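So the structure is just underneath, and the comments pick up after that.
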Amino acid sequence: MSSKDLRYQALVKTFYADLYRYAYWLCQHKAIADDLVQETFLRAWKHLDSLLDAGSAKGWLVTILRRENARRFERKQFDYQEIEQDELSDQHSGSPEQLAEQSQLQQLILGLDLEYREPLVMQVLLGMTGEEIATTLALNLNTVNTRLYRARHQLRELIKSTNLGSHRHG
Amino acid sequence: MDELEFRRRLFSDPKAGTTELQQALQQDEAKKQLQQELLQLDTQLLQAMQVGVPHELADRLMFNQQLAGFRQQKRRRQWTYGIAAAVALTAGLVQLRFEFVHFGNDLGSYALAHVYHEASALVSLNEQLPMATVNALMADFAGKLDGFDGQVHYARFCNFRGVRALHLILKTQDGPVTVFVLPKDHGWQPNQGFADDNFHGQSLALAGADLVLVAAKQQQLTPLADKLQQQFSFNPGQRS
């Protein structure tokens with residue numbers, strides 16, 4: 001097996017799960033997220049030589065995936081309203097109340113505008129810094145911080161209004 | 001840092017990396033409480049964001065890469081074949097050029113080279129062809145061989161440097177003789193006699209074709225040449 005193959009496999013093992021989840025929160029559809037991740041890794045494999053620094057791999061893959069997602073819109077005008085949202089499940093077991101609460105929170109995240117949702121997912125799920133998010137989204141840091149602020153602020157307000165997690169905040 | 005700016009910074013990054021934010025947190029219990037709530041929210045968000053990943057996705061990603069690798073290899077192989085074909089073509093052209101330079105317009109030298117090239121045909125002389133077969137080929141020249149008392153071991157069209165020629169090997173009492181039957185417009189200068197260390201030969205102009213005879217050095221050619229001159233006949237009207 002070539003060193004390129006080994007690098008690729010390491011890249012897949014490290015990032016495929018988080019990249020799939022990020023893709024899901026980006027496009028809100030599991031099948032599309034699956035396609036996006038496959039396209040992303042195919043492209044990544046073709047251009048693996050251009051990835052010089054392993055530390056920048058995550059941002060590099062996210063950038064490729066965002067580009068693939070944008071191409072999807074170039075190819076076909078997509079109407080989000082027509083996409084039936086999948087039933088979400090998570091990998092954590094918990095009490096029925098916790099699962100219900102989590103499911104409700106997922107719906108709230110999906111309810112956020114993409115411009116708030118995306119940087120939030122990048123920060124919370126992918127662990128990207130404000131600077132990394134700003135670079136990937138081609139925004140300045142202040143704008144990113146403002147969007148992160150609004151994302152959390154909106155979610156907090158929504159949670160309060162639905163009484164979600166009130167036992168923790170009470 | 002005023003209250004609004006504090007909230008803006010804390011909400012954009014609840015882990016509060018900056019020292020300025022840390023100082024503000026130290027001084028105010030209510031702010032610490034807010035940070036705890038936001039960190040708790042982030043924990044819940046992280047759990048909620050970890051949606052299930054298709055089990056076989058990693059396998060598919062590995063497979064896709066192997067497929068892409070195979071395709072790339074295939075493209076590279078096709079490319080290699082292309083290069084190999086180009087090299088072979090170039091080599092062929094160089095050889096052709098070499099032949100032209102080497103043999104010039106010398107019919108004898110080329111005939112000898114041809115005999116050497118197909119030397120194996122001279123060795124395996126078990127086959128005996130019916131005269132009808134030979135004459136079927138001779139029809140191409142609107143000619144026929146009639147009354148030849150020896151045997152024909154080999155009869156096949158060959159490329160005599162761009163000219164379609166009939167390559168015959170006749171068995172005589174002395175041994176095998178190679179005869180090339182060339183159409184009249186072959187463009188070679190006739191050569192009455194030529195030889196190298198092993199073979200000798202001569203060309204012979206007939207009515208409808210030219211013959212080039214090549215035999216081992218010790219063999220007599222003139223008697224055969226005289227006979228063939230009689231036995232080959234041509235009728236241009238019959239030319240197919």
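Readers should treat all values here as calculations from the given coordinates under stated rules, not as data from a laboratory. Just so you know, these numbers come straight off a predicted model, no measurement behind them. Here the Cβ positions follow ideal geometry from the backbone for every residue, glycine too, while neighbour counts run over all protein chains shown.
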In nm, the gap between the two label points placed 7 Å beyond Cα toward Cβ at B:L46 and A:T63 is 2.6 nm
Which one, B:R156, B:R75, B:R60, has the greatest fluctuation when you compute a Gaussian network model over chain B with C-alpha springs under 10 angstrom?
B:R60
Enter the mean number of other protein chain beta carbons within 10 Å of the beta carbon of each residue in A:14-26, as an integer.
3
Two pseudo-spin positions, 7 Å from Cα along C-beta at B:R75 and at A:A10, lie apart in nanometres by 2.6 nm
Enter the angle in degrees (range 0 to 90, nearest 10) between the Cα long axis of helix B:222-231 and the first principal axis of the Cα atoms of chain B, meaning the one along which they spread out most.
90 degrees
With Cα coordinates, the longest principal axis of chain B makes an angle with the long axis of helix B:57-103, in degrees rounded to 10, of 30 degrees
With r defined as the distance between the Cβ atoms of B:E20 and B:A91 and R0 fixed at 56 Å, what FRET efficiency is calculated, to the nearest 0.05?
0.15
Using only C-alpha atoms and all pairs of different ones, pull out the Kirkwood radius for the protein assembly as shown in Å with one decimal.
29.3 Å
Which one, A:L137, A:V124, A:T162, is farthest towards the positive end of the dipole of region A:94-169 when Lys and Arg carry +1 and Asp and Glu -1 on their Cβ?
A:T162
Round to the nearest 10 and give me the degree value, 0 to 90, for the angle of helix B:3-12's Cα axis relative to the longest principal axis of chain B.
30 degrees
I'd like the mean, over residues of B:61-72, of how many other protein chain beta carbons sit within 10 Å of each residue's own Cβ.
5
Highest GNM mean-square fluctuation, chain B, Cα pairs closer than 10 Å: which of B:Q22, B:Q78, B:Q151?
B:Q22
